[in-house]
Structures are given as C-alpha cells and as structure tokens.
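Below is one structure, written out as structure tokens; the observations come after it.
The values are calculated or read from the model by the stated rules, or taken from the named source; none is laboratory data. Everything numeric here is computed off the predicted structure, so don't read it as measured data. Note: ideal-geometry Cβ built from the backbone for every residue, glycine included; neighbour counts use all protein chains shown. Side chains are part of the model used for accessible areas, which takes the heavy atoms of the whole protein and leaves out ligands, DNA and RNA. Shrake-Rupley method; radii C 1.70, N 1.55, O 1.52, S 1.80 Å.
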Amino acid sequence: QVQLVESGGGLVQPGGSLRLSCAASRSIFRIWPSGWYRQAPGKQRELVATITSSESTNYADSVKGRFTISRDNAKNTVNLQMNSLKPEDTAVYYCNAAFGGKEYWGQGTQVTVSS
C-alpha cells in the first residue's frame with residue numbers, strides 16, 4: 001500500500017505561480033512512474049504531466065512551457081511548478097503513482113486561478 005499526500009494548492013491571480021508537492025509513504029518515485037492530473041467542475045479528469053523513473057517527462061499541450069514536473073529523491077516527492085497560471089487551470093489537482101501493478105491517487109488539492 002502507498003499513501004500519496006498533495007500540498008501547495010490555493011488561490012492565485014492570473015499570471016501567478018504555484019508549486020504543488022506530492023509526498024509518498026514509500027520510496028517509490030525513483031522506481032515507478034508518477035504524475036499529476038486535474039479535474040475541473042463538470043469535466044473529466046485529465047493528464048497534466050508525468051515523469052518516469054529515468055526522469056523522462058511528458059506534458060499536456062495546454063500546460064507545455066508553463067508547468068514543470070520534477071522529482072526530489074531525498075524527500076521522496078514529486079513536484080509540479082506552475083507558472084503563468086490561467087483561469088482555465090482552475091481544478092482539483094491529483095497526484096498519481098504506479099506501484100507493484102496498482103495505481104494510487106492522492107486526495108487532491110484545489111487550485112483556483114481568479115482575479
């Protein structure tokens with residue numbers, strides 16, 4: 001079993017920045033792929049960014065050039081740096097990790113971009 005806990009969400013003005021962090025209860029991020037997803041009201045959950053064990057990254061077209069996913073092996077966290085935020089980035093952001101053939105999700109953290 002793995003527990004994922006997200007932090008760092010909040011309210012920010014358009015053009016601002018936020019940094020999300022996902023902490024795992026076990027040291028899995030160095031070995032297994034992980035990522036961030038988001039779900040806006042009335043919409044399906046969508047992929048934001050992923051990172052593999054070899055730190056290869058992938059981004060949704062809507063966030064390329066603005067968001068950066070990274071991993072801190074010492075802290076056992078996966079982070080999402082979000083810059084130039086737009087109102088359409090408003091959503092609940094979820095951390096996701098694959099481990100031992102299973103998929104795990106965090107509880108989500110709310111990001112609201114509004115003036």
Subset of the stretch 65-97, residues in a strand (DSSP E or B) and farther than 19 Å from Gln39 by Cβ, comes to Thr68, Ser70, Arg71, Asp72, Thr77, Asn79, Gln81
- Query: With respect to Thr112, is the statement that it is in contact with a strand residue (DSSP E or B) (Cβ under 8 Å, 6 or more places away or on another chain) and within 18 Å of Leu18 (Cβ to Cβ) true?
  - Reply: yes
Residue hits (the stretch 10-62; under 15 Å from Ser84 (Cα atoms), open to solvent by 30 Å² or more (accessible area, probe 1.4 Å) and in a loop (DSSP other than H, G, I, E, B)) are Gln13, Pro14, Gly15, Ser17, Asp61, Ser62
Filter the stretch 63-72 for residues that are farther than 21 Å from Ala98 by Cβ and of a type in the set (Lys, Arg); the one that is least open to solvent (accessible area, probe 1.4 Å) is Arg66
